[in-house]
1. Look through GLY269, GLY256 and report the one residue that is closer than 19 Å to VAL7 by Cα and in contact (Cβ under 8 Å) with a residue 24 or more places away in the chain.
2. Determine which single condition LYS174 fails, assuming it passes every other condition in (1) within 23 Å of the chain's Cα centre (by Cα); (2) farther than 25 Å from ARG311 by Cβ; (3) of a type in the set (Lys, Arg); (4) in a loop (DSSP other than H, G, I, E, B).
3. Looking at (1) free of Cβ contacts under 8 Å to residues at least 40 places away in the same chain; (2) outside any strand (DSSP E or B), can you tell me which one ILE117 breaks?
4. Looking at region 1-19 only, could you name the residues that are surrounded by 24 or more Cβ atoms within 10 Å (Cβ to Cβ) and of a type outside the set (Gly, Ala, Ser)?
5. Of all residues in region 177-196 being hydrophobic (A, V, I, L, M, F, W, C) and in a loop (DSSP other than H, G, I, E, B), which is nearest to GLY259 (Cα to Cα)?
6. What number goes with the only condition from (1) crowded, with 19+ Cβ neighbours inside 10 Å; (2) outside the structural domain of LYS275 (by TED's automatic domain parsing) that CYS116 does not pass?
7. Could you list all residues from region 206-225 that are of a type outside the set (A, V, I, L, M), surrounded by fewer than 19 Cβ atoms within 10 Å (Cβ to Cβ) and either in a strand (DSSP E or B) or touching a strand residue (DSSP E or B) at 6+ places or on another chain (Cβ under 9 Å) (or both)?
8. In region 70-100, what count of residues is obtained for those that are among the β-branched types (Val, Ile, Thr), in contact with a helix residue (DSSP H, G or I) (Cβ under 7 Å, 6 or more places away or on another chain) and part of a loop (DSSP other than H, G, I, E, B)?
Amino acid sequence: MDLRVSVLVVGGGPAGATAARVLARNSISVILLERNLSFMKPCGGGFPTSAFEEFHIPRTIVKKEVDHIKLISPLGKEIHIGLKGGKIAIVTRGEFDTALRHLAQEKGAQVLEGTCIQIINDKSYRTEVLVGKDKAHIVSEYIIAADGVNSRVKSVLGIKPCRAVFTVSERINKSLTACCEFWFGSQHAPGFYSWVFPAACGSSCGTGTLERGNTNMLLERFKKRRNIIQEGQRQAYRIPLWTGDIYNMGRILFAGDSGGQVLPFTFEGIYYAMKAGELAAQAIIENKAEQYKRMWEDRFQKRFMMMDRLRNFFFKDDASAEKMVALHGRQDIQEASMRLWLQKNSNGLGLKEYIKIFGKFLR
């Protein structure tokens, strides 16, 4: 069986669903191929409330709203930051991703549950897929690979996986906090951070590291430090480290985790995945796949480079993390952070303030 469309989007998460919706809205035929429509990615599920208006997403899927965060240094110094100019919406990833796919379907995208097997590049792309037990072929002019950090598209094209942070999260059926907590310390989060977030039901806690194989041990250390005695369901996952070196291969465009488009330092992924899907779709609408990189870099390159340098500086050891938490006690840094984290505007004000404040640490 052959199916013919203008664009095949592989991966039905925030990047892929957004790309499919934008394409379908512009009368471009598109199939959205998702390996598992019931999959719920391990994720804190934090998303700025301002983005619901930006992407025209119904607020009915918001489970909770958070109006402050807390930073805890390796030595236990606590900084409480009230969120001004917005809030953090907590969503359940399975429900959130499903809602985004439904929005794409409403615009005319076709959603299929299936797996990409191989891609043959002729005049058009001929993608062999497995749908249930049946094989099919999807012929398309473009492909958007939005299939995550373990991208099947990258694998069949022979592209090496990107470097990643190894994380483990645990869902606990008890409310542990009303805010988003970020805990720093090399004993439980070397080169990263541990967290406790409110969840739709109960709480989510977890930790991460650049070192493979010891995440469960690190999580136990963190739970002991945070005095969490409850046990929950654990899931391990990798978060890509941004390198900014892959955008497209011919008419195949990479968006979201498959393109490593997770903001360094904060490791925020949902918003930037959706923007990547939107920009990739726009490049296809203009029939200029090679413009996708320029469009992304014009909007986000300076931000990602700055945050990557901050990550390398402040996450290198406990003394640096201690300094970072202390600095966030300053009102000017808190206000700059809110603009950068919550408002997501393109005027660059929050980024310029960050560069002005933190530039001396990065010379």
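The values are calculated or read from the model by the stated rules, or taken from the named source; none is laboratory data. Note that this is a predicted model, so its numbers are computed, not measured. Reconstructed Cβ throughout: ideal geometry from the backbone, glycine too, with neighbour counts over all protein chains shown.
1. Criteria check complete, one pass: GLY256.
2. With (1) within 23 Å of the chain's Cα centre (by Cα); (2) farther than 25 Å from ARG311 by Cβ; (3) of a type in the set (Lys, Arg); (4) in a loop (DSSP other than H, G, I, E, B) applied to LYS174, the lone miss is (1).
3. ILE117 satisfies every listed condition except (2).
4. Correct list: VAL7, LEU8, VAL9, VAL10, PRO14, THR18.
5. If we take residues in region 177-196 being hydrophobic (A, V, I, L, M, F, W, C) and in a loop (DSSP other than H, G, I, E, B), then PHE192 is nearest to GLY259 (Cα to Cα).
6. (2)
7. GLU211, ARG212, GLY213, ASN214, ASN216, ARG221, ARG225, listed by residue number.
8. The qualifying residues number 1.
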